[in-house]
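Only the coordinates and a few stated rules stand behind these numbers; no lab work does. Predicted, not measured: the structure shown is a model, and the values here were computed from it. Cβ placement follows ideal geometry from the backbone for every residue including glycine, while neighbour counts extend to all protein chains displayed.
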Amino acid sequence: MIGHPFGGLLVMAVALSPASALAYSTASAFREGCHETIVSGALLKHDAWPAGTPELPEGQRVRDLAEYLLDTYGIDGRSLDDTRRFVWMSLIVGVRDPDGEGYSVADLEHARAHRLDPRDETQHAHALRASVDDGPEGDANALEGVRQALRAELQAVARAYAHAPREQNESVFIYLDFYGRVSIPVWGPAFRLGRALHVLQDSFSHCIRSDEYELRRVVAVLNLVDPTFGDYDETRDGLPHSRSLDDCSQSEELQRAAMAATVDLLSLSAALRRGQASEEISSFFGRWLQLQPSCSRTNGFCGNERWVELATQDTAANPVSCQLTLAGRRRPPNGLWGWLLLAAAMARAPKFRARRRTWPRE
Amino acid sequence: MQHAALAILLSLWSAETACAMPNSESGIAWPVQGELHLSVLSDLADRSALAGSFGYAARFGPRWANWGIFAHVEHDLWLATEFESDVVAGAVNLAIGGEHLYYGRGVRTSLALGASILAYDAALDKAGNVGLFVDFRPVGLRFPLTHALSLGLDPLTLTIVAPVLTGVALVQVEYRTAVYLEVSL
């Protein structure tokens, strides 16, 4: 799990930003790296490496970058050869990509455009209800959208595998502190798998799952877009997006289930590589993305009140209120708060990079 | 707007106070300056809105009446936010520059050019990489505390810290606020 949240800087960013930007969030990198933790755990603890072997790009730069990222995430990469490091890096860049698309988490202009993109396919790609997913069929429709989004990502994996090995690498953008947007080579199949894993893992943070089915089936799909834009009614639109579920440290049980699903999806890579994964994908959906129907508030979401209770501990009407204690208050009249908060943030920051951590942690 | 009004008031007070001081130095003075600086925001498209940095610096050099030249040495530390919260050693910057004092020496404009040296192993480059450093301070205020001691405020500087200019460039554009104490030797 990387670093600790740097909430002070995010608060500062909003405190210093125009008032109209108060409704926007920069989200994930200021929080625990749940996606990265789960992916790294699947690879390093469960040895669930994707099928195939990439050709390493020439030059030292990608090796340096992999080393930097391993260090940043506190992972002891000494047991990994250059090829494994490249695969790990490609998966990590891929699993981060749907949230940032190569832009900074503190790029408020991009965050405004991306994080509040109300299009149905964008919501489904993050395992959320779209605005059209209303009424009793809303959960089923949303989950079908999630499956379609995941299938599209997996088809992209298969297409990446279909290239000759030396053509499987592709260039994508990543945002690096102080450098900005940088184009880097990644192994296409692993990068695409990372994007697919993002959809899957979001179905654990953006859905209520069923205890009866060992968290393998979905009871309800949460809704971000309707609470954000103000036209929200729980009976019609479903439960609101939850900040507490977004924090994977809130429930080890849920995180373990997400890890198991991640390992399962990575095991599909052999079939995707062969180009014969259609049945395996459908079977996977049956194992992890099936709806337990007829669950609602009236029946305690089929006995899953504890997850609903966790989800509603900290709901978020919009992505900024996901993050900020300042949400809902009037912003200070000038940038003074920003300077004060920078001082607080610096006081909270860990010491210099000379520190190294090890991972996985017990 | 509030900041602008405050700056004007401070400027007038500073100039008034400074003007009231006897301008006794007809020869060369040797001021030494110790400084702390801080920057928060960037303004570059497709970049993080944050360019958090802070650091400390020293300036020293001869001054003739209202003109001076100086050597500038500083350590600029950076806040990383993209993957984790961290403070990295940033860059050590060495420069030479010139300054002009006016309004009774209550206001200073300065420009420094020099080298920026990467002080830590960054994502793509190793410590020791050498690039460019530019520091422009259009208007700074100076408040004499005693005959030999002054307090200074540079409310907004334009500082380019670019320790890597080859390959993928590492260029930090910083809008700093700096405060300093200056002793005339």
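The P(r) of region B:105-180 has a tail past 14 Å containing 64 percent of all C-alpha pairs. Peptide A:178-191 shows a mean partner chain C-beta count of 4 within 10 Å per residue C-beta. Give the shape of region B:29-184 as rounded, prolate or oblate, defined through the alpha-carbon gyration tensor: a ≥ b ≥ c are the square roots of its eigenvalues, a/c under 1.5 means rounded, and otherwise the shape is prolate if a/b is larger than b/c and oblate if not. Judged from the Cα gyration tensor, region B:29-184 comes out prolate (a/c at least 1.5, a/b above b/c). Treating r as the C-beta distance of A:Gln60 and A:Glu167 and R0 as 25 Å, the FRET efficiency rounds to 0.70.
Where the only charges are on Cβ atoms (+1 Lys, Arg; -1 Asp, Glu), what is the dipole of region B:29-184 about its Cα centre, to the nearest 20 debye?
On the way: 9 positive and 15 negative charges, 152 e Å.
Magnitude of the dipole: close to 720 debye.
Remark: A:Arg216, A:Arg274 ranked as A:Arg274, A:Arg216, counting other beta-carbon atoms within 10 Å and listing the fewest first. Ranked for footprinting exposure by Cβ neighbours inside 10 Å, fewest first, A:His198, A:His241 give A:His198, A:His241.
If a spin label sat at a point 7 angstrom from the Cα of B:Ala71 along the line to its beta carbon, the backbone N atoms of region B:81-100 nearer than 15 Å would be those of B:93-98. Modelled this way, with points 7 Å down the Cα-to-C-beta line, the labels at B:Leu151 and A:Ser79 are 5.8 nm from one another. Between A:Arg159 and A:Arg181, the contour length at 0.36 nm per residue exceeds the Cα-Cα span by 5.3 nm. Length gained on full extension, B:Thr177 to B:Trp64: 38.1 nm, using 0.36 nm per residue less the C-alpha separation.
So for region B:29-184, taking the charge dipole from beta-carbon charges (+1 Lys/Arg, -1 Asp/Glu), which of B:Thr81, B:Thr166, B:Ser39 sits furthest toward the positive end? Highest projection toward the positive end goes to B:Ser39.
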